[in-house]
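The values are calculated or read from the model by the stated rules, or taken from the named source; none is laboratory data. Computed from a predicted model, the values in this text were never measured in an experiment. Reconstructed Cβ throughout: ideal geometry from the backbone, glycine too, with neighbour counts over all protein chains shown.
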Amino acid sequence: MVTVPRLVVAAAASGQGKTTVAVGLMAALRHAGHAVAGAKVGPDYIDPGYHALATGRPGRNLDPWLQGEEQVLPLLLHAATTPTPADVTVVEGVMGLFDGRLGADGWASTGHVAALTRSPVVLVLDISAAARTVAATVHGLRTFDPQVEVAGVVLNKSGSPRHAAEVRRSLEALGVPVLGVLPRDSGVSAPSRHLGLVPAAERADAAAALDRLAEQTARLVDLDAVLELARSAPPLDARPWAAPTGPQRPSRRVAVAGGRAFTFRYAEVEELLRAQGCEPVVFDPARDAALPAGTSGLYLGGGFPEVHAAALAGNTSLLADVADAVGSGLPTVAECAGLLYLAESVDGHRMVAQVPTTAAMHPRLTLRYRTARTDHDTLLAPAGAVVRGHEFHRTRTLPGHGERPGWLLDGEPEGWSLDPAGTGTPTVHASYLHVHWAGHPQLARRFADAVHAAPTRGALPAPATPAPPRSGPPPLRRRTRGATTATPRSPRAWSTSPSTSAARHPRRGSPTTCVPRWPASPPTRAPPRRAPPSPAGTRSRRPPSSPPQGPPRRSPSSPVPCTRAAPSSSTPSSPSPRRHCASRARCPSTCS
């Protein structure tokens, strides 16, 4: 038996303030010195992002449809014990307390999860348009399902102290404690857009807003009473979930899309990949110039490419690199936003163009659970495999599927299963469907097997070794006929010049050109070298010439110099900015 203090924050309907109260409790309890774990009922990605910001540990999801009933309790314990045991676990509900999958009698609802985990429920009630009737609502929710324990309430959007007192009296008559009252104009809110709240990762003010919310929650909610309620939860007879491990084999890198445009992925995806001998490396498709060095697989999760389409389209060097990698057979999984990124365009913005479709915004939101099946062997599953997933998007693709679809969703083809390199087996799986791999670990295992079988793309960066101290840049390599000599040069700062069509990256084809910025005064000339004496009866080669007057010539096989700016001579103590050129993986060893 395992003791896990816990509670579920629920409501009578959406829009009552569940996220505000749940995230406020997480942040306030953490500020009070408690280790807090957070979880979200349902498939949502955005709320767990706020949970992670409030708790300092990964946000998790609990969903009987996506994961299976038998996995909900182990995943709750995983959240409560990873990376360290938490003092309290706060689970945020979804929609109304008993709202779940349509036509399934509340399956996957907040009440369903509360019953599976035997967790007490704290109701959040918007009382802005009611008074004593609030008590009738609570009475109905308490008695609707005897397996669900409603143990307390937080009143939200109170109009005045008299208003709150009237509601409090009616609830106390039922024996339901009021744990806190939040005013109507609290001054704490989160901006929203077409798929709900703006993700925390996209808000520069998220941390400051969270601090204000934590302070307000600590002042208006009885945290001691909340902790006492959480500690009343009964012990659990279960073991924490653990990612199934694969065979021992050398680690292979999987590039995982992140940044502001790709914020939708479950924490267990990376844990499952690590257990299968993969090393997830996060990159930003809007900013990074190339895939991480040593990439053997690519995972493109969900997010908002339609919001950041201009930035994604403007990163032409990465678009070209991804197109080359995917077209060459790199194992690639693309869910929702990943599908759009691999498409030809999104709202007219050019994308990777490895999936033959175009995407555009649509007035109608798609949000539903789906049952998916494969009709052939794909990158993720063999023919006939059945998985459960969900869709959550407000875009449409035209066409909506390829000749070989990624899935059959309730019997209808959707997505793409592609073999762009002609390897004989699909290497690309692109679909709108989100799948929680903790509920289907065989998908992670099959993807990892493909990653380990694929060639590594580019050399892994060499371990950093201490370089001997020197006063300036390394000697400039200059090729002469039949030999390569080193010529001393004066120190200079390196910079990146505007790209030209005549100077392309020698390997990736990116329009990045690195050239030296020459000093205003002529460089110091080294004394000319004398050619070695020729043996008798032979003719000596032409001796090396003096150092060049302009930018040095470089052969295609020589390393591309790093564009990291050197620190200013006027401020020798300031560190140089961490900026690198697109050829970072092949920079000389002098780059640190």
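Scanning segment 310-322 for any residue that is within 30 Å of VAL2 (Cβ to Cβ), touching a residue at least 40 places away in the same chain (Cβ under 8 Å), surrounded by fewer than 22 Cβ atoms within 10 Å (Cβ to Cβ) and polar (S, T, N, Q) turns up nothing.
The residues listed here are PRO85, PRO43; of these, the one that is at pLDDT 95 or above and assigned to a loop (DSSP other than H, G, I, E, B) is PRO85. The conditions of being surrounded by fewer than 23 Cβ atoms within 10 Å (Cβ to Cβ) and not assigned by the TED database to the domain that holds LEU77 are met by ALA289. Listed by first and then second residue, the pairs with beta-carbon distance under 8 Å, at least 6 apart or on different chains, first residue in segment 380-395 and on the phi > 0 side of the Ramachandran plot, second assigned to a strand (DSSP E or B), are GLY384/ARG373. Look at segment 56-76 and say how many of its residues are crowded, with 24+ Cβ neighbours inside 10 Å and either over 19 Å from ALA115 (Cβ atoms) or not assigned by the TED database to the domain that holds VAL94 (or both). Summing the residues that are crowded, with 24+ Cβ neighbours inside 10 Å and either over 19 Å from ALA115 (Cβ atoms) or not assigned by the TED database to the domain that holds VAL94 (or both) in segment 56-76 gives 1.
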